[in-house]
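Q: Structure below; questions to follow.
The values are calculated or read from the model by the stated rules, or taken from the named source; none is laboratory data. The structure presented is a predicted model; accordingly, all values stated were derived computationally and were not measured. No Cβ is skipped: glycine too gets one built from the backbone with ideal geometry, and neighbour counts run over all protein chains shown.
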There are 2 protein chains.
Amino acid sequence: MPISAEASFTVETKVAQFPSLPLDCGVTLLGVQVAYETYGTLNADRSNAILVLHGFSGDAHAAGVSKENGQPGWWSAMIGPGLAFDTEKYCVICSNVLGGCRGTTGPSSTDPETGERYGMRFPVITIRDMVRLQKLLVEHLGIERLLAAAGGSMGGMQALEWAVSYPDSVRAAIPIATTARHSAQQIAFNEVGRQAIMADPDWNQGNYYETKPPARGLAVARMVGHITYMSDASMRHKFGRRLRDKDAFGFDFSVDFEVESYLRYRGSQFVSRFDANSYLYITKAMDYFDLSAGHASLSAAFDNTKAKFLVLSYTSDWLYPTYQSLETVSALRGRNIDVAFCELPSHYGHDAFLVDAKEQNEIVRGFLASLEKPKRPTVAQAAASNGRLANRLDYAMIAEIVEPGTKVLDLGCGTGELLAWLRDHKQVDARGVEIEADKIREAIARGAAVYQGDIETGLADYPDAAFDFVVLSQTLQEMRYPLRVLREMLRVGKHAIVAFPNFGHWRTRLSHALSGRAPRTALFPYDWYESPNLHFLTIEDFVSLCRKENWVIEQQAFLAKNREVRFLPNLMAETAVFSLRAR
Amino acid sequence: MPISAEASFTVETKVAQFPSLPLDCGVTLLGVQVAYETYGTLNADRSNAILVLHGFSGDAHAAGVSKENGQPGWWSAMIGPGLAFDTEKYCVICSNVLGGCRGTTGPSSTDPETGERYGMRFPVITIRDMVRLQKLLVEHLGIERLLAAAGGSMGGMQALEWAVSYPDSVRAAIPIATTARHSAQQIAFNEVGRQAIMADPDWNQGNYYETKPPARGLAVARMVGHITYMSDASMRHKFGRRLRDKDAFGFDFSVDFEVESYLRYRGSQFVSRFDANSYLYITKAMDYFDLSAGHASLSAAFDNTKAKFLVLSYTSDWLYPTYQSLETVSALRGRNIDVAFCELPSHYGHDAFLVDAKEQNEIVRGFLASLEKPKRPTVAQAAASNGRLANRLDYAMIAEIVEPGTKVLDLGCGTGELLAWLRDHKQVDARGVEIEADKIREAIARGAAVYQGDIETGLADYPDAAFDFVVLSQTLQEMRYPLRVLREMLRVGKHAIVAFPNFGHWRTRLSHALSGRAPRTALFPYDWYESPNLHFLTIEDFVSLCRKENWVIEQQAFLAKNREVRFLPNLMAETAVFSLRAR
């Protein structure tokens, strides 16, 4: 399936009209118009609609080639045949936001009551107001329940708001590079942009539609914005200290550096396509955004939420940093809501969700595929998957212990092989924690709700007894603080299943005692200086720790050469599998 | 010695005049005036002068109470009796920079040739021009060689420039929270500020001294600046999403949030004390700053430098991030120049060097003290220090191996106890690497050039054979990748000295073989689940690795119970000390 950023289909922006829209500020807006586009076909049961939500300066033209001006859409890299938002499978909808200036009612629209442009008489709006209007549009298109609401930046705020405001109307939310509440720094950057516009005499209290727009103020505002959308690293790569059309400093205040030229160009170019008053209103809506407002906590805001979530952030995004996505993830996990999370590597900063779409494509495609009803595996698939698992007898023993229909968390789940098997064969609710991004992508594509994080610190968000089984397979000896991990497993899980290599095996002991070397055996095959194992434990060590910690060993199994060991396991077993519970 | 941010002495700003100053742009400025202050007394041999250098919007009033307006200085927390820049020991000097508007010649000054204000006819200046004027001032005060040049932000650039431009005139440089070259992002933020000023019609091409200043543009520029001086975290702590004098959103464009109010206030207040044209010129000088320009590399820029360096950065400073300080440190280490480095923890962002002075005080005080001629320890001091070392026989054996007058690097040097002992008793050039900030502070105060970093990655900057001896004591077994560390030690050092606990000791082997438990002995006293040791090696393992890697064992010593072991060391020794070299 080739991924192509080239839009191969032509689209036209359509308009829907609604008689009125009540707003959070108490005002009811009359005669509201929405510009929107659709890509792909709605299926018979209207279950394949995905609403895509644009960021601050975006518009309804998300994909395809505009019939009007031949331009590609702002998310053409993500929407189209064979792409994540596959227009051969899904019906994708995008509309310009309330308050915008690209076809949807905003401050530059004419007030039907006065026949004049709203200007600053336009009411102050919120993200929830934007979503309320989108809900009218979605209903107008005959859709009761969206398959997903997805967007980056301000679009991500709308995706979150959809899941909270209309829990029965959206099956999945994909908030990308965003936050559940605007921070002081984010408000500060927006405020600078607003002040730059309002400082321009041409702004004239917003009454410039008959004269000339506040071009200089809007350009300065946009320049600040552009710095925040890029990263220190991407600016270094793109511009460095390169001079613009000169070999030496000019020693004047014309352009010296490429980066100056770029910012001036972007600033002045923005003036021709964006309305300064819309800048004021939309930034204000973002600043007001706080999903936790009126709730005891951010977690509580998700109390009625039914959606599954895919949360994505980007490493170099300092405008909406990863910790903000993790706040959302943490709040969702606090309510035990199904959430996959991954921080994608990119040096493009906040812009990454628009320009660095390759991995985003793969992970979103996998997540959307996981929303399809799980099919029972065919006999051949089951046999193949059993065959793979047969190479890991420890997996087979874990699968034996896990009860059908339960909630399972697999720590260090890798590509989600065990989770997928448990889900397909035991109908478990399968979640995982994994630190390596490329494994997570594969696991999410397999349909597991995988959280990117460190096992040693990553369980803190889960409430007590959130899972029936928490699994840690062949990883305990690689933990820096194994006791903390075991305690956390028994806090968030009713049962913990642990498998580890036995340092007490007779070959290991003999090797150490007689060779005068750190043990090196088939079970511990590494030279001392390159072993991933950080701690060595024997079966006896583990049993003794269970006694000390007052844990109940519910089941235990010992293996050597893929056969079970019953006699003198601490000497004879290579691998041990324990199932525990706290007393 | 109490640290007090309260300035207890009154100071007056003085003025010095110079007939001319040649500039990098080729112009010679005539009739140049410098505003400066001094604190403390110059000693008889004029060897105790410290030049303190202000940041972008600072001035000559660095300490004490201004006679003019009763205000404290901008670095009152660092300069004064008992503080780091101790006015009872040092003579501290601070002057307003060239291009400024606080007493030193700048664009708001009158051009002696025309009798009119310079405005935009003022020549474009550089950081080197600023330093050139400071050199005139320092000579004027009768000082041939500064003890130190120290400053944060733009002041740090000047400190670096001093060490490069006047290598014989400065013994030490203390660049804090700064960079050796302005990055694209830093240029971009400055450019936004300049564009905001120049977009204000009141700027009038810089001719506003007879009319009114571009107050709105300058305020917007300052607001952007303030965001960059703080951090996301400090803004969250200081403002969060708190509303200003209201309980609910105003749904208008007056002030909603505290952070908006703060920025507006700071912006408007700045107008009364700063000249907009100075803003343009000084930001331009920073943007032009690139110490590596005209050199093959940044390291090459330091070829003639004779100063010792203390480089400091702050964890939450994203305007001048730590990686930029590390570029400087790396360039200095590439020339084997004596440099101590520490990243200090603070959530105050770039402002930390002004407002979070406690740790900065301690570390700068220690560094300045280390510039004093090392005194031979008294008999009592030597005995005390020998007494402490006697508890560490491995230290004593290392001290035995190290030859006097050599260059020694101690990995994981802790508080620098061994280094200080080696320096005092063997006159070695003592450097160290340590990861914990509080230990580094103590080590720097002991006079060791300690670099804050991870042993496993931190040696890459050093050239080959930069040291005579590289020491790793009782830490090899805690390394994640011990082989890499050993190889790096033998690259940057002519000899490597390694001490480690012997996992081959008979008690350890017996414990493992017979108990069926992970060995737990006096030598390895930890439970398996809480041991800091990540890899276990025996003496035999180590010797075998040396053979495999083709390393020559020059000396070896084996210890048990603080006595030397000669018979069957792999069974009998608890600790091994090896001195190696590459073949």
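Q: Look at B:F289 and say whether it is more than 30 Å from A:D202 (Cβ to Cβ), among the hydrophobic types (A, V, I, L, M, F, W, C) and buried (at least 18 other Cβ atoms within 10 Å of the Cβ).
A: Considered against the rule, which asks whether it is more than 30 Å from A:D202 (Cβ to Cβ), among the hydrophobic types (A, V, I, L, M, F, W, C) and buried (at least 18 other Cβ atoms within 10 Å of the Cβ), B:F289 comes out as yes.
Q: Now for a separate question. Taking only region B:181-192 into account, find how many residues are farther than 21 Å from B:L354 by Cβ and more than 7 Å from chain A (Cβ to nearest Cβ).
A: Residues meeting the conditions: 0.
Q: Hey, can you tell me all the residues within region B:194-238 that are part of a helix (DSSP H, G or I) and either touching an Asp or Glu at 6+ places or on another chain (Cβ under 6 Å) or small (G, A, S) (or both)?
A: Here is the first cut: in region B:194-238, the ones part of a helix (DSSP H, G or I) are B:194-199, B:201-206, B:215-229, B:232-238.
B:A196, B:A199, B:G206, B:A215, B:R216, B:G217, B:A219, B:A221, B:G225, B:Y229, B:A233, B:S234 - these are the residues of region B:194-238 that are part of a helix (DSSP H, G or I) and either touching an Asp or Glu at 6+ places or on another chain (Cβ under 6 Å) or small (G, A, S) (or both).
Q: Condition check: within 30 Å of B:G217 (Cβ to Cβ), buried (at least 23 other Cβ atoms within 10 Å of the Cβ) and more than 9 Å from chain B (Cβ to nearest Cβ). Does A:P214 satisfy that?
A: yes
Q: Among the listed residues B:Q269, B:Q195, B:Q205, which satisfies the condition of being within 7 Å of chain A (Cβ to nearest Cβ) and either buried (at least 21 other Cβ atoms within 10 Å of the Cβ) or out of contact with any Cys (no Cβ under 7 Å at 6 or more places or on another chain) (or both)?
A: B:Q195
Q: Next up: Would you check which residues across region B:329-359 are among the aliphatic types (A, V, I, L, M), assigned to a helix (DSSP H, G or I) and surrounded by 19 or more Cβ atoms within 10 Å (Cβ to Cβ) and list them? Show your work before the answer.
A: Restricting attention to region B:329-359, the residues satisfying the condition of being among the aliphatic types (A, V, I, L, M) are B:329, B:331-332, B:337, B:339-340, B:344, B:352, B:354-355, B:357.
If we keep only those that are assigned to a helix (DSSP H, G or I) as well, we get B:329, B:331-332, B:352, B:354-355, B:357.
Within region B:329-359, B:V329, B:A331, B:L332, B:A352, B:L354, B:A357 meet the criteria.
Q: Let me confirm something: among B:D232, B:D252, which residue is buried (at least 20 other Cβ atoms within 10 Å of the Cβ) and either within 12 Å of chain A (Cβ to nearest Cβ) or within 30 Å of B:R171 (Cα to Cα) (or both)?
A: Criteria check complete, one pass: B:D232.
Q: Scan region A:78-88 residue by residue and report those that are surrounded by fewer than 24 Cβ atoms within 10 Å (Cβ to Cβ) and assigned to a loop (DSSP other than H, G, I, E, B).
A: A:P81, A:G82, A:T87, A:E88
Q: Which members of region A:467-491 meet the condition of being farther than 24 Å from A:E530 by Cα, surrounded by fewer than 22 Cβ atoms within 10 Å (Cβ to Cβ) and touching a strand residue (DSSP E or B) at 6+ places or on another chain (Cβ under 7 Å)?
A: A:D468, A:L490
Q: Please verify whether B:R441 is within 21 Å of B:N336 (Cβ to Cβ) and charged (D, E, K, R), treating the condition exactly as stated. Let's see the steps before the verdict.
A: Numbers: within 21 Å of B:N336 (Cβ to Cβ): no; charged (D, E, K, R): yes.
Answer is no for this residue.
Rundown of residues vs (1) among the aliphatic types (A, V, I, L, M); (2) in contact with a His (Cβ under 8 Å, 6 or more places away or on another chain), yes/no style:
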residue	(1), (2)
A:G155	no, yes
A:A159	yes, no
A:Y166	no, no
A:S169	no, no
A:S183	no, no
A:E191	no, no
A:W203	no, no
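Q: Would you tally the residues in region A:272-288 being out of contact with any Gly (no Cβ under 7 Å at 6 or more places or on another chain) and within 10 Å of chain B (Cβ to nearest Cβ)?
A: 4
Q: Select from region A:440-469 the residues that are assigned to a loop (DSSP other than H, G, I, E, B) and modelled with pLDDT under 85 and write down the one among them that is farthest from A:V329 (Cα to Cα). Give the derivation first.
A: As a first pass, look at region A:440-469 and keep what is assigned to a loop (DSSP other than H, G, I, E, B): A:446-448, A:453-466.
From what's left, modelled with pLDDT under 85: A:446-448, A:458, A:461.
Working: A:R446: 20, A:G447: 17, A:A448: 15, A:G458: 11, A:D461: 9 Å.
The residue in question is A:R446.
Q: Among the residues of region B:259-269, is any part of a helix (DSSP H, G or I) and out of contact with any helix residue (DSSP H, G or I) (no Cβ under 9 Å at 6 or more places or on another chain)?
A: Our first condition is that a residue be part of a helix (DSSP H, G or I); within region B:259-269, this holds for B:259-269.
Narrowing further to those that are out of contact with any helix residue (DSSP H, G or I) (no Cβ under 9 Å at 6 or more places or on another chain): B:261, B:265.
Scanning region B:259-269, I find at least one residue that is part of a helix (DSSP H, G or I) and out of contact with any helix residue (DSSP H, G or I) (no Cβ under 9 Å at 6 or more places or on another chain), so the answer is yes.
Q: Looking only at residues that are touching a residue at least 60 places away in the same chain (Cβ under 8 Å) and in a helix (DSSP H, G or I) in region B:289-318, which one is nearest to the other protein chains (Cβ to nearest Cβ)?
A: So, considering only residues that are touching a residue at least 60 places away in the same chain (Cβ under 8 Å) and in a helix (DSSP H, G or I), the one nearest to the other protein chains (Cβ to nearest Cβ) is B:L298.
Q: A further question on this structure: Examine region B:398-411 for a residue that is in a loop (DSSP other than H, G, I, E, B), over 23 Å from B:T328 (Cα atoms) and of a type in the set (G, A, S), and state whether such a residue exists. Write out each step before concluding.
A: Taking region B:398-411 as the starting set, the residues that turn out to be in a loop (DSSP other than H, G, I, E, B) are B:402-406.
After this cut, where a residue has to be over 23 Å from B:T328 (Cα atoms) as well, the list is B:402-406.
Filter once more, keeping what is of a type in the set (G, A, S): B:405.
Within region B:398-411 (the criterion being in a loop (DSSP other than H, G, I, E, B), over 23 Å from B:T328 (Cα atoms) and of a type in the set (G, A, S)), the answer is yes, since at least one residue qualifies.
Q: On to the next question. Within region A:111-140, count every residue that is crowded, with 16+ Cβ neighbours inside 10 Å and in a loop (DSSP other than H, G, I, E, B).
A: Residues that pass the stated criteria total 7.
Q: Same structure again: Could you give every pair whose Cβ atoms fall below 6 Å, whose first residue belongs to region A:398-409 and is surrounded by fewer than 17 Cβ atoms within 10 Å (Cβ to Cβ), and whose second residue is part of a helix (DSSP H, G or I) and not charged (D, E, K, R), counting only separations of at least 6 or pairs across chains?
A: As it stands, the answer is none, since no pair meets every condition given.
Residues checked against (1) more than 19 Å from the chain's Cα centre (by Cα); (2) aromatic (F, W, Y):
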position	(1), (2)
A:L53	no, no
A:A62	yes, no
A:G70	yes, no
A:W75	no, yes
A:P81	yes, no
A:S95	yes, no
A:G103	yes, no
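Q: Please verify whether region B:473-487 includes one or more residues that are under 21 Å from B:W551 (Cα atoms), over 31 Å from the mean Cα position of the chain (by Cα) and in a loop (DSSP other than H, G, I, E, B).
A: The answer is no; no qualifying residue exists.
Q: Is it the case, given these coordinates, that B:I174 is assigned to a helix (DSSP H, G or I), modelled with pLDDT of 95 or more and of a type in the set (V, I, T)?
A: Numbers: assigned to a helix (DSSP H, G or I): no; modelled with pLDDT of 95 or more: yes; of a type in the set (V, I, T): yes.
It is false that B:I174 is assigned to a helix (DSSP H, G or I), modelled with pLDDT of 95 or more and of a type in the set (V, I, T).
Q: Would you be able to say whether some residue in region B:256-266 is of a type in the set (G, A, S) and within 9 Å of chain A (Cβ to nearest Cβ)?
A: no
Q: In addition: Enumerate the helices (runs of 4 or more DSSP H) found wholly within region B:505-583, keeping only those where 2 or more residues are under 21 Å from A:L545 (Cα atoms), out of contact with any Ser or Thr (no Cβ under 8 Å at 6 or more places or on another chain) and within 11 Å of chain A (Cβ to nearest Cβ).
A: The helices (runs of 4 or more DSSP H) meeting that bar are B:506-515.
Yes/no matrix, rows are residues, columns are (1) under 16 Å from A:A150 (Cα atoms); (2) surrounded by fewer than 17 Cβ atoms within 10 Å (Cβ to Cβ):
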residue	(1), (2)
A:E12	no, yes
A:V32	no, no
A:N48	yes, no
A:F56	yes, no
A:A63	yes, no
A:K67	no, yes
A:W74	yes, no
